[in-house]
Amino acid sequence: MVQNPEARNLDRINNTSCSPMVPVQSCHIAECKKMAEKNKKLIKKLEAKQKKALQRKFLSPEYLMSLYQQSWQND
């Protein structure tokens, strides 16, 4: 089976071109690491908001999910 040489340099998830020197898997790993870092930042923000909510004695799963979604869209 012969693969298109151009296809080797495409990120399978986003169909974006990666460096020819970097394997496709490395591009995917880099993207996953970037997403993980973003999630870590969001978790810290949510924990701070959760702490404030606990001080006000108001905390619901719906409220936390809405905070997470808002934070994700804002970053």
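Annotations
- Candidate set: region 48-74, residues that are of a type in the set (A, V, I, L, M) and in a helix (DSSP H, G or I); chosen: the one modelled with the highest pLDDT: 48
- For region 60-75, filtering for residues that are surrounded by 10 or more Cβ atoms within 10 Å (Cβ to Cβ) and either over 17 Å from the mean Cα position of the chain (by Cα) or small (Gly, Ala, Ser) (or both) leaves 4.
- Search result, residues across region 11-47 that are among the polar types (S, T, N, Q) and modelled with pLDDT of 85 or more: 39
The values are calculated or read from the model by the stated rules, or taken from the named source; none is laboratory data. These numbers come from a predicted model, not from an experiment. Here the Cβ is made from the backbone with ideal geometry for all residues, glycine too, and neighbour counts use every protein chain on show.
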